[in-house]
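Presented below is the structure to which this report refers.
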Amino acid sequence: MENMKKFANLFVTGTDTGVGKTVLSLLLMQFFYKRGYAPFYLKPAQTGCRAPHDRDSDARFIYRHVQALAGQDPGNSVIYCLKNPKAPYFAARDEAREIDFAKIQAVVEVKSAVFSPLIIEGAGGLFVPVTAKLMVIDMIQMTGARPIIAARAGLGTINHTLLTVDALRRRGMEAAGIILLEGGKEAPPP
């Protein structure tokens, strides 16, 4: 797609679990669609996931609230769907499976050739184990995506956020932004 608008891929990471990474991913998808881009939501490892179509699936949430994705299969956005709500490494181990970073990287490369930007959503924070030796921060580096930090607007946020920024900088990465999110159950309008 030579005429496609290009934008750097973004990797949504959190200062913690449950801070609003999926809501931020949704907002980014809506933002880019409204500006004429062709974004793609990618969740390399979804835990607490019986299937990408389940009620609690992050991908289903995104597909349900992005009009351009109506009728499409949220399973296209999930590489590893793991049943137990744990760090991806432990959830995969419970199922006698292993997460393959090379597979994730290959999917990122294929999707990046067709879509722009990819909105890649991590699991938890930077130091959540994805394999026995690699963490979310390693996945960010491997994908080459720009990290964007989702932080809970509440007590402890300054510390967690600055620790996250510091960890990225120690790896030579700068956050594309820091978004403070209020908790809530309702999704923003499409």
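The values are calculated or read from the model by the stated rules, or taken from the named source; none is laboratory data. What you see is a predicted model; the values in this text were computed from it and never measured. When we count neighbours, we look across all protein chains shown, and the Cβ atoms used for this are built from the backbone with ideal geometry, even at glycine.
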message: Here's a check for you: in the stretch 65-78, which residue that is in contact (Cβ under 8 Å) with a residue 60 or more places away in the chain and not in a loop (DSSP other than H, G, I, E, B) is surrounded by the fewest Cβ atoms within 10 Å (Cβ to Cβ)?
response: Gln67
- request: Give the residue, chosen from Asp54, Asp58, that is acidic (Asp, Glu) and either at positive phi or crowded, with 21+ Cβ neighbours inside 10 Å (or both).
  value: Asp58
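For (1) touching a strand residue (DSSP E or B) at 6+ places or on another chain (Cβ under 8 Å); (2) farther than 30 Å from Tyr37 by Cα, each residue gets a yes or a no:
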| site | (1), (2) |
| --- | --- |
| Leu82 | yes, yes |
| Lys86 | yes, yes |
| Gln105 | no, no |
| Ala113 | no, no |
| Ala123 | yes, no |
| Met142 | no, no |
| Ile148 | yes, no |
field: Candidate set from the stretch 110-129 (those that are farther than 12 Å from Tyr41 by Cα and in a loop (DSSP other than H, G, I, E, B)); member that is modelled with the lowest pLDDT
entry: Gly124
message: Against the conditions (1) of a type in the set (Phe, Trp, Tyr); (2) within 20 Å of Arg169 (Cβ to Cβ); (3) over 16 Å from the mean Cα position of the chain (by Cα), where does Phe127 fall short? Just the number, please.
response: (3)
query: Does Arg93 satisfy the criteria of being more than 17 Å from the chain's Cα centre (by Cα) and assigned to a helix (DSSP H, G or I)?
result: yes
- request: Name every residue in the stretch 141-173 that is touching a residue at least 40 places away in the same chain (Cβ under 8 Å), out of contact with any helix residue (DSSP H, G or I) (no Cβ under 8 Å at 6 or more places or on another chain) and part of a helix (DSSP H, G or I), in order of residue number.
  value: Thr157, His160, Thr161, Leu163, Thr164
task: Find all pairs meeting these conditions: Cβ atoms under 8 angstrom apart; at least six residues apart or on different chains; first residue within the stretch 101-118 and closer than 14 Å to Asn76 by Cα; second residue in a helix (DSSP H, G or I) and of a type outside the set (Ser, Thr, Tyr).
output: Ile104/Met139; Ile104/Met142; Leu118/Val108; Leu118/Lys111
message: Could you check the stretch 94-139 and list, in sequence order, the residues that are buried (at least 17 other Cβ atoms within 10 Å of the Cβ), out of contact with any helix residue (DSSP H, G or I) (no Cβ under 8 Å at 6 or more places or on another chain) and within 21 Å of Thr15 (Cα to Cα)?
response: Met135, Val136
statement: Given (1) of a type in the set (Gly, Ala, Ser); (2) under 14 Å from the mean Cα position of the chain (by Cα); (3) over 25 Å from Gly144 (Cβ atoms), Ala59 misses just (3)
